[in-house]
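Below is one structure; the comments refer to it alone.
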Amino acid sequence: MTFGIEAASYYVPGLYLEIKDLAEKRGIEPAKLEKGLGLHKMGLPDVHEDAATFAAEALLKLIKDYQIDPREIARVYLGTESALDAAKPTASYAVQMVEKVLEEEFGPRCFKNCDMVDLTFACVGGVDALHNSLDFVRVNPDKKAVVIASDYAKYELASSGEYTQGSGAVALLVSSKPDLLEIENNWGIASESVFDFFKPRRSYKKEDLNNAPQAYPDTIEVFTDEPVFDGQYSNQCYQDRIREAYQHYKEITEKTKPYENWKYIVFHLPYAFHGKRIFTEIYSMENELPHTTADEQKTVAKSESYLNLISNTIEKTQRASSEIGNMYTASIFMALLSALQTSFDDNEELSGKEIGFFGYGSGSKSKVFAGKISENWKKVAEKWNLFEHLGNRTSISFDTYEKLHRKQLSQSVNADYKGFGLTSIEKESPVLAGARYYTYQG
């Protein structure tokens, strides 16, 4: 019996900012971002959108596109680092939204017997959710699980991470009928506790804050979406963890050069060109090439053999990232969809081909695993129309972008949006303060 991904769907918000517009406003040469990092557009949430609406959109699309009975889904596990609450899982908001839409067809509370939880480990949380759900269906082959990765990668204005921002979600149906991708049960893992990127609670004295409610404690903890990070150090941690996880994968599989058997190499992509930049060390080690200095790695990156590797196994995976930006937990799965959509559009046959995955989450952890493309993959991919969808989004001005970022807009940019939207946050009731309420516009 085989296990893996039976179907997949995604959601990318309908607004974007041209990277060249951001570059010009920030005094950056556009070519540095476009040609140097592979960035073209930044996908942004509208006023009514958040990680829960992204997840709900992807889940509903998955159910509708593949005619799934939600009562057959035993668990919905959500990987995110954009959680809306420190106790109530974002998955519960998403499931509740979808449940209401499906009520007419499947009756009230069609997810009543479904397990729900959030998994958080920075950008590798979605891979953790997949790993966990695969273990579940291997033990329970008659059951199905849904993995959702949903995030908004938000950085402080004018920071060094600002131009990598992006958002959206990917949903995967995991089962013993892997029509898209059969995933082997070999996981290379490497972990180390570091502070390369994190989102701490920051403390302030109540006396130093204007108009702080009297009921608040003397020391107030504040959480923001924008991380504390060291980009250069984080890149080094990424490189160190994937090297260690890849070595672990080799040990448990007893394969000498596993990457040589992979049709595509799929990375978590903080920016589109990150994967091809970060893989030089592993490539050099596998081929016994000098690589200990930055200059040696640059030489490898410019070599004909490495450029051929990029062209054949990595380039197609990064195309969607160029149009969306960093999706945090969803980034690695969008890279998979990007490659398969491109092959589908080119009428390329991939059945039986292997794909290798390099997941990474700051803090830090990497997971390396592989899967085999199923013979029915085209029946799954034909539902996506990924690049057509990306081409139908709405461009916004730089001024609108900054207002969205600062949460200065009370009305959605797209007033006629369809789908899920946040309508209110409870402020008056002392027992419901902060509760979030959503509706669906059909």
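Here are the numbers for this structure:
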{"quantity": "Of all residues in region 174-231 being open to solvent by less than 70 Å² (accessible area, probe 1.4 Å) and basic (Lys, Arg), the one that is nearest to the chain's Cα centre (by Cα)", "calculated": "Lys199"}
{"quantity": "Any hit, region 58-72, residues being surrounded by 24 or more Cβ atoms within 10 Å (Cβ to Cβ) and of a type in the set (Phe, Trp, Tyr)", "calculated": "no"}
{"quantity": "Leu157 open to solvent by 40 Å² or more (accessible area, probe 1.4 Å), of a type outside the set (Ser, Thr, Tyr), in contact with a helix residue (DSSP H, G or I) (Cβ under 9 Å, 6 or more places away or on another chain) and modelled with pLDDT of 95 or more", "calculated": "yes"}
{"quantity": "Number of positions in region 104-129 that are farther than 18 Å from Leu172 by Cβ and open to solvent by less than 90 Å² (accessible area, probe 1.4 Å)", "calculated": "4"}
{"quantity": "Scan of region 16-41 for residues that are of a type outside the set (Phe, Trp, Tyr), open to solvent by 10 Å² or more (accessible area, probe 1.4 Å) and in contact (Cβ under 8 Å) with a residue 12 or more places away in the chain, ordered by number", "calculated": "Glu18, Lys20, Asp21, Lys25, Arg26, Ile28, Glu34, Gly36, Leu37, His40, Lys41"}
{"quantity": "Lone qualifier among Lys316, Lys378, Lys367 - being part of a strand (DSSP E or B), crowded, with 18+ Cβ neighbours inside 10 Å and either of a type in the set (D, E, K, R) or modelled with pLDDT of 95 or more (or both)", "calculated": "Lys367"}
{"quantity": "Residue check for Thr256: open to solvent by 80 Å² or more (accessible area, probe 1.4 Å), part of a helix (DSSP H, G or I) and β-branched (Val, Ile, Thr)", "calculated": "no"}
{"quantity": "Matching residues, region 402-434, being surrounded by 14 or more Cβ atoms within 10 Å (Cβ to Cβ) and in contact with an Asp or Glu (Cβ under 8 Å, 6 or more places away or on another chain)", "calculated": "Leu404, Ser412, Val413, Asn414, Tyr417, Gly419, Phe420, Gly421, Leu422"}
{"quantity": "Contacts under 9 angstrom Cβ, first residue in region 48-66 being closer than 19 Å to Gln411 by Cα and touching a residue at least 40 places away in the same chain (Cβ under 8 Å), partner of a type in the set (A, V, I, L, M, F, W, C) and in a helix (DSSP H, G or I), 6 or more apart", "calculated": "Ala51/Ala94; Ala52/Ala91; Ala52/Ala94; Ala52/Met97; Thr53/Ala94; Thr53/Met97; Phe54/Ala94; Phe54/Ala330"}
{"quantity": "Scope region 280-313; condition touching a residue at least 40 places away in the same chain (Cβ under 8 Å) and either part of a loop (DSSP other than H, G, I, E, B) or acidic (Asp, Glu) (or both); matching residues", "calculated": "Glu281"}
{"quantity": "Yes/no for Ser322 being part of a helix (DSSP H, G or I) and polar (S, T, N, Q)", "calculated": "yes"}
{"quantity": "Number of the exception - Gly79 against (1) within 30 Å of Ala370 (Cβ to Cβ); (2) open to solvent by 10 Å² or more (accessible area, probe 1.4 Å); (3) in contact (Cβ under 8 Å) with a residue 12 or more places away in the chain", "calculated": "(2)"}
{"quantity": "Residue satisfying condition, being within 20 Å of Phe273 (Cα to Cα), at pLDDT 95 or above and either hydroxyl-bearing (Ser, Thr, Tyr) or within 20 Å of the chain's Cα centre (by Cα) (or both), within set Lys41, Lys35", "calculated": "Lys41"}
{"quantity": "Verdict on Tyr264 being within 15 Å of Ile310 (Cβ to Cβ), assigned to a helix (DSSP H, G or I) and among the aromatic types (Phe, Trp, Tyr)", "calculated": "no"}
{"quantity": "Cβ pairs under 8 Å, 6+ apart, first in region 114-137 and without any contact (Cβ under 8 Å) to a residue 40 or more places away in the chain, second buried (at least 23 other Cβ atoms within 10 Å of the Cβ) and of a type in the set (Asp, Glu)", "calculated": "none"}
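Residues checked against (1) free of Cβ contacts under 8 Å to residues at least 40 places away in the same chain; (2) out of contact with any Phe, Trp or Tyr (no Cβ under 8 Å at 6 or more places or on another chain); (3) part of a strand (DSSP E or B):
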{"site": "Ala171", "(1), (2), (3)": "no, no, yes"}
{"site": "Glu207", "(1), (2), (3)": "yes, yes, no"}
{"site": "Ile220", "(1), (2), (3)": "yes, no, yes"}
{"site": "Asp225", "(1), (2), (3)": "no, no, no"}
{"site": "Ile242", "(1), (2), (3)": "no, no, no"}
{"site": "Tyr249", "(1), (2), (3)": "no, no, no"}
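The values are calculated or read from the model by the stated rules, or taken from the named source; none is laboratory data. If you're wondering where the values come from, they're calculated on a predicted model, not measured in any experiment. With ideal geometry, Cβ positions are generated from the backbone for all residues, glycine too; neighbour counts draw on all protein chains shown. Quick note on the areas: whole protein, heavy atoms, side chains included, nothing else; ligands and nucleic acids left out. Shrake-Rupley method; radii C 1.70, N 1.55, O 1.52, S 1.80 Å.
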